[in-house]
1. So, in the range 284-299, of the ones that are among the small types (Gly, Ala, Ser) and within 12 Å of ligand 1 (Cβ to nearest atom), which residue ends up farthest from residue 167 (Cα to Cα)?
2. Would you be able to tell me the number of residues in the range 334-365 that are under 26 Å from residue 307 (Cα atoms) and within 11 Å of ligand 2 (Cβ to nearest atom)?
3. Here are 108, 129: which of them is at pLDDT 95 or above and buried (at least 17 other Cβ atoms within 10 Å of the Cβ)?
4. On the basis of being without any contact (Cβ under 8 Å) to a residue 24 or more places away in the chain, open to solvent by 10 Å² or more (accessible area, probe 1.4 Å) and among the small types (Gly, Ala, Ser), does residue 573 make the cut?
5. Can you name the residue in the range 329-382 that is of a type in the set (A, V, I, L, M) and within 14 Å of ligand 1 (Cβ to nearest atom) and, of all such residues, is surrounded by the fewest Cβ atoms within 10 Å (Cβ to Cβ)?
6. Residues of the range 438-450 being open to solvent by 50 Å² or more (accessible area, probe 1.4 Å) and not in a loop (DSSP other than H, G, I, E, B), which ones?
7. Do you know which residues across the range 112-124 are open to solvent by 10 Å² or more (accessible area, probe 1.4 Å) and more than 14 Å from residue 167 (Cα to Cα)?
8. Every residue in the range 150-166 that is away from ligand 2 (no atom under 16 Å from the Cβ) and either crowded, with 24+ Cβ neighbours inside 10 Å or of a type in the set (A, V, I, L, M, F, W, C) (or both), please.
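The values are calculated or read from the model by the stated rules, or taken from the named source; none is laboratory data. Predicted, not measured: the structure shown is a model, and the values here were computed from it. Quick reminder, even Gly has a Cβ in these numbers, built from the backbone with ideal geometry, and neighbours come from all protein chains shown. When the accessible area is computed, the model is the full protein with side chains, heavy atoms only, and any ligands, DNA or RNA have been set aside. Shrake-Rupley method; radii C 1.70, N 1.55, O 1.52, S 1.80 Å.
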Amino acid sequence: MATPIASSSSSSSTKPFFTPLFSSSPSPSSSRLSSLLSFHQHPTSTPASLKLSHSHRNSHSLSVANALKTEEVISLSNFENLEDLISEDRPSILVSEKLGDAGLQVLSGFGKVECCYDLSPEELCARISKFDALIVRSGTKVTRQVFEAAKGRLKVVGRAGVGIDNVDLHAATEFGCLVVNAPTANTVAAAEHGIALLAAMARNVAQADASMKSGKWQRNKYVGVSLVGKTLAVMGFGKVGSEVARRAKGLGMNVIAHDPYCPADRARAIGVDLVSFDQALATADFISLHMPLTPTTAKIFNDQTFAKMKKGVRIVNVARGGVIDEDALVRALDNGTVAQAALDVFCQEPPAKDSKLVQHENVTVTPHLGASTKEAQAGVAIEIAEAVVGALNGELSATAVNAPMVPAEVLSELAPYVVLAEKLGRLAVQLVSGGSGIKSVKVTYRSSRNPDDLDTRILRAMITKGIIEPISSSFINLVNADFTAKQKGLRISEERVVVDSSPEVPIDSIQLHVSSVDSKFASSISDNGDISVEGKVKYGVPHLTCVGAFAVDVSLEGNLILCRQVDQPGMIGKVGNILAKHNVNVNFMSVGRTYRRKQAVMAIGIDEEPNKEALNEIGDVPAIEEFVFLEL
Ligand SMILES: NC(=O)c1ccc[n+]([C@@H]2O[C@H](COP(=O)([O-])OP(=O)(O)OC[C@H]3O[C@@H](n4cnc5c(N)ncnc54)[C@H](O)[C@@H]3O)[C@@H](O)[C@H]2O)c1
Ligand SMILES: O=C(O)[C@H](O)COP(=O)(O)O
């Protein structure tokens, strides 16, 4: 008698291990790969109302309950009082900072939107587990605590703007939360503000304005400096930096730039020379900062670097306050190394009221207004709303910050292989016998395509998901797959084998080899001692095509029984009858054998999970040598 083995992991039935890729039948042409972000698709048409609640930054004692009481429901066009129509499964979106109406309209057409501005960190943590998405600007710190407090519900953080230094990207990735930003809509606004500050600083506009308003007329005190013919060093030649450069050239300035990652020909194309960091500091009359705040750029402008600047240099910062050591800047202003500074951004926002820097007479300040034009805010709101809705729909956003960018056409083409990859992972892990953990998996993709033309990152992520989710409480998606695999000591290596088949078909087969483990189903061990399973996509449906040395052909739907038996007549009937007796529906069956009348492996696709009795009866069939039940 064969030993009955109900091998599927018990945890897999209790947690949502797999969100169907498609709501109905899989369509290879669809690019909505919900399971990549493991998020259910939602209807997009039900109207929703917006709730606007203000809690007050000053009133720290305001409880969440009170904050909710102060909610004022504002209606959007004809969506008044329709909250009852909002179905529970519509995603909830928290907007924690002012977002343009056009973006709110996009969001409210898709999900339940709550605008709740000026939440304290504690209030945000208290509420976040009720939301699937969070939309922020630069004022909300999305810390590790926020991701922890979200208890796995938060799927997307949308940054309505460029800088993502207020979002803990490591934590987001660990928790499988996608972060998207809106990188283009405020570029011109920021560049215009940089130019506005440059000119205002050079001509003492703010100081003269304040002086006149206090009743003075100080024409001699506010003699400025000219911009024309002066050298401007643009530090960070990205989107904003290059727009500043164009405008400064229009003002007759000589523009140089420093950016270690920018190709020289891109700068040259607009008449700007790229120079080294030190060269920029030593040459410039004006320095305008446009790099992101990263561990490398934090306080990059400090006592040492100010000392390398031309005496009397003028500095504009519309990037991030943290790139400047603010105390060092005060010293440089006091000793005349820096003649003037114009700052839109600060290490701490808002800065302390008695900040020496803000109060310095040679400093012009604005309260982080770079992106604050009507036009930019309208654009940013739509850009981020569309990115968040797309992400909640399972699409990979072009502005994803912590997930691989996979072009839509590649996603669409690989859709059925994504399902296959996850199912093979689930099969492989269930074949491993208890105690021996999977440490190393080799994946072989057979394809007629040139290896460089095959982007397998999504497939690798889904294999990881299939392997890890049934045996742990981890939740895997494209965002955190590589991170989680590494954390769990799972090494996935990939091999691509070029085969002679139709180039129309991206992948001929995917094979998983799990090394150095024991198997619950000895027949799944291939000649080299690895557990080996292979699958193919046939007519858009994933099929298991090989187990160990046995060729089979069974569609990977529902559940699966693998049996090794003596190759003799009547075996299919016997097992089929047992399953029928227990009301288990067979959806596919295939037999593969090594030699005639020797051994065969029967793969039976079944819709229901057989009970213990049925499994025992199968094990009691004398010719059955081993069998295993696997949940797909
Ligand atoms: N004040 C505002 O309201 C406002 C508005 C928009 C953008 N910003 C900030 O402006 C900055 C630039 O935004 P962007 O949209 O141009 O981003 P971007 O990514 O297009 O450009 C940043 C550039 O900085 C370069 N860079 C990176 N490290 C550098 C270093 N050590 N030295 C020099 N250059 C370096 C990058 O190569 C890149 O070209 C960001 O910090 C962003 O947050 C502020
Ligand atoms: O990084 C940005 O996009 C700007 O700093 C704008 O920030 P804000 O959305 O808070 O105005």
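1. First pass over the range 284-299, keeping only residues among the small types (Gly, Ala, Ser): 284, 288, 298.
When the remaining residues are screened for being within 12 Å of ligand 1 (Cβ to nearest atom), the result is 288, 298.
Working: 288: 25, 298: 16 Å.
Within the range 284-299, the match that is farthest from residue 167 (Cα to Cα) is 288.
2. 2
3. That would be 108, the only listed residue that is at pLDDT 95 or above and buried (at least 17 other Cβ atoms within 10 Å of the Cβ).
4. On the way: without any contact (Cβ under 8 Å) to a residue 24 or more places away in the chain: yes; open to solvent by 10 Å² or more (accessible area, probe 1.4 Å): yes; among the small types (Gly, Ala, Ser): yes.
Yes: the conditions hold for residue 573.
5. Quick first cut of the range 329-382, residues of a type in the set (A, V, I, L, M) only: 329-330, 332-333, 338-339, 341-343, 345, 352, 357-358, 363, 365, 369, 371, 376, 378, 380-382.
If we keep only those that are within 14 Å of ligand 1 (Cβ to nearest atom) too, we end up with 342-343, 345, 365, 369, 371, 376, 380.
Details: 342: 27, 343: 25, 345: 24, 365: 20, 369: 16, 371: 26, 376: 22, 380: 28.
Per the stated criteria, the residue is 369.
6. Correct list: 442, 446.
7. At the first step, the residues of the range 112-124 found to be open to solvent by 10 Å² or more (accessible area, probe 1.4 Å) are 112, 114, 117-123.
Correct list: 112, 114, 117, 118, 119, 120, 122, 123.
8. Step one: filter the range 150-166 for residues away from ligand 2 (no atom under 16 Å from the Cβ), giving 150-156.
Answer for the range 150-166, where residues must be away from ligand 2 (no atom under 16 Å from the Cβ) and either crowded, with 24+ Cβ neighbours inside 10 Å or of a type in the set (A, V, I, L, M, F, W, C) (or both): 150, 154, 155, 156.
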